[in-house]
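The values are calculated or read from the model by the stated rules, or taken from the named source; none is laboratory data. Quick caveat, the model's predicted, so the values are computed rather than measured. Backbone-built Cβ (ideal geometry, glycine too); neighbour counts: all protein chains shown. These area figures cover heavy atoms from the full protein model, side chains too; ligands, DNA and RNA do not enter into them. Shrake-Rupley method; radii C 1.70, N 1.55, O 1.52, S 1.80 Å.
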Amino acid sequence: MSLTHLLPGSLGFGTAPMGNMFRAIPEEEAQATLQAAWDQGIRYYDTAPFYGAGLAEIRLGELLAQQPRDSYVLSTKVGRVILDEEEDPSARELGEKGGLFEHGRPNKVVDDYTADATKRSIEDSLKRLNTDRLDIVWVHDIAQDFHGDRWLAQFETARTGAFRVLDELRDQGVIKAWGLGVNRVEPVELTLALDEPRPDGFLLAGRYTLLDHRQALQRLLPAAQEQGVDMVVGGPYSSGVLAGGTHFEYQEAPAHILETVRRIRELTDRHGVSIKAAALQFALAHPAAAAAIPGATRPSRIAEDLGALREEIPAAFWHDLRAAGLLDPAAPLPAGV
């Protein structure tokens, strides 16, 4: 199914922060943020077992249990199984993303893209989410950033395991769509080149933003458009550095990224534009983009995101951004520019 037709709007809610990413979020703050998203009309929620070793799913499940199941669209991910056994969250081997959820639950997290693990992961997620079905399932983080040189071997396991299970579940009507949820373009390109199974879309985090979009424009997005495969844009604020934060790629932003953000801010200030609006509207301007899913940890952020979506940005801003070499010439601009 086309994600554009499945998703209820261009703005969803990414729940990675609800897994205590970067900090321990008090329960009342987490629930207030989720409630604010619901009260302000957000009806697409994305989560994953990996986010705090099940914590984000549990927190989201408390909200969704109060709502009619047909009133929202829900996606989660497979590729990791959460065990009852405990471990030190800060000592997990996460490739380039070390310490990402060190404030989450201590349950052991096991990478497993096999068919049996995929089925178990879905069953476990349904319990944590307090729901009877999923709409979209993404195969999670099957890329170099988490698996290093082993990523192609993990991809092959997923191709013969998770991919085929999800293809069958989609064809049976158990789920409505599936694809990859990754932070790199290569695994999506590889998947789109397969004869079968066929994904419906992909969640690409951090690779179609104001700070990083050139590689995705080269092969991935043209191939996706040719095949009618839609994209959900994850991390439109590049882990927060485009929204006033200090993180990029889930770590402290390096000097060259901070310099690029400074240059972008010079132009947003000149044109009276918020940098959040520029980041969000740029990510959604590509024809393949079905939705963007920024995360939040405070209720006030929801109104900011909705405001950023509606903010009017003058065409001159985009032209100046391109003239400054901050936008690839091939990047589509918002409608009317």
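Of note:
- Label point distance in nm, Glu28-Glu259, each placed 7 Å from Cα along Cα→Cβ: 4.6 nm
- Solvent-accessible area per residue, Å², over the chain with all protein chains present [probe radius 1.4 Å]: 39 Å²
- Set of aspartates and glutamates near Lys276 by C-alpha distance (under 13 Å), chain-local residues within fewer than 8 positions excluded: Glu304, Asp305, Glu311, Glu312
- The chain, dipole about Cα centre (Lys/Arg Cβ +1, Asp/Glu Cβ -1), debye to the nearest 20: 640 debye
- Low-density loop cleavage sites - trypsin sites (Lys or Arg not before Pro) in the stretch 265-337, where at most 14 other Cβ are within 10 Å (DSSP): none
- With Cα atoms, 0 to 90° folded angle of helix 300-310 axis to the chain main axis: 60 degrees
- Taking every protein chain into account, the 1.4 Å probe leaves Leu258 with about 90 Å² of accessible area, to the nearest ten.
- 3J(HN,Hα) along the stretch 257-264: 6, 4, 5, 5, 4, 4, 5, 5 Hz, from the Karplus curve 6.51 cos²θ - 1.76 cosθ + 1.60 with θ = phi - 60°, whole Hz, x for Gly and Pro.
- Evaluated at q = 0.22, 0.29 Å⁻¹: base-10 log I(q)/I(0), Debye formula over Cα of the stretch 271-337: -0.98, -1.41
- Crossing angle, helix 275-285 versus the chain [Cα axis fit, 0-90 degrees, rounded to tens]: 70 degrees
- Think of each Lys and Arg Cβ as +1 and each Asp and Glu Cβ as -1; about the Cα centre, that makes the dipole of the stretch 109-217 roughly 260 debye.
- Amide H contacts under 5 Å for Phe13, placed H, 5+ residues apart: Tyr44, Tyr45, Asp46
- When you filter the trypsin sites (Lys or Arg not before Pro) in the stretch 104-162 for DSSP loop state and at most 13 other Cβ atoms inside 10 Å of their Cβ, you are left with Arg133.
- Per-residue HN-Hα couplings for the stretch 9-17 [Karplus 6.51, -1.76, 1.60; θ = phi - 60°; Hz; x = Gly/Pro]: x, 8, 10, x, 10, x, 9, 3, x
- Secondary-structure-derived ellipticity at 222 nm for the chain, considering helices only, amounts to -11000 deg cm²/dmol, per-run term -39500 (n - 2.57) for DSSP H runs with n ≥ 4.
- Treating r as the C-beta distance of Leu326 and Glu252 and R0 as 22 Å, the FRET efficiency rounds to 0.50.
- Amide hydrogen proximity for Val139: with H placed 1.01 Å from N in the peptide plane, the residues at 5 or more positions away or on another chain lying under 5 Å are Val78, Gly179, Leu180, Gly181.
- Selection of GluC sites (Glu not before Pro), the stretch 85-140, meeting DSSP coil and at most 12 other Cβ within 10 Å: Glu93
- Straight Cα distances below 29 angstrom link Lys119 to the lysines Lys77, Lys97, Lys108, Lys127, Lys176, with same-chain residues fewer than 8 positions distant left out.
- Multiplying the residue separation of Thr4 and Gln67 by 0.36 nm and removing their Cα-Cα distance gives an extension gain of 20.4 nm.
- Rounded percent of accessible protein surface that carbon and sulfur make up, the chain, 1.4 Å probe: 49 percent
- Note that the chain, at 10 °C in a medium of 1.306 mPa s, gets a Stokes-Einstein diffusion coefficient of 79 µm²/s from its Kirkwood radius over C-alpha pairs.
- Cα long-axis angle, helix 27-39 against the chain (0 to 90 degrees, to the nearest 10): 70 degrees
- ³J(HN,Hα), Karplus 6.51/-1.76/1.60, whole Hz, each residue of the stretch 135-148, x for Gly, Pro: 8, 10, 10, 9, 7, 9, 6, 8, 8, 5, 5, 9, 10, x
- Magnitude of the charge dipole, the stretch 156-292, Cβ model with Lys/Arg +1 and Asp/Glu -1, debye to 20: 460 debye
- If R0 is taken as 30 Å, the Cβ-Cβ distance between Val110 and Glu196 corresponds to a FRET efficiency of 0.65.
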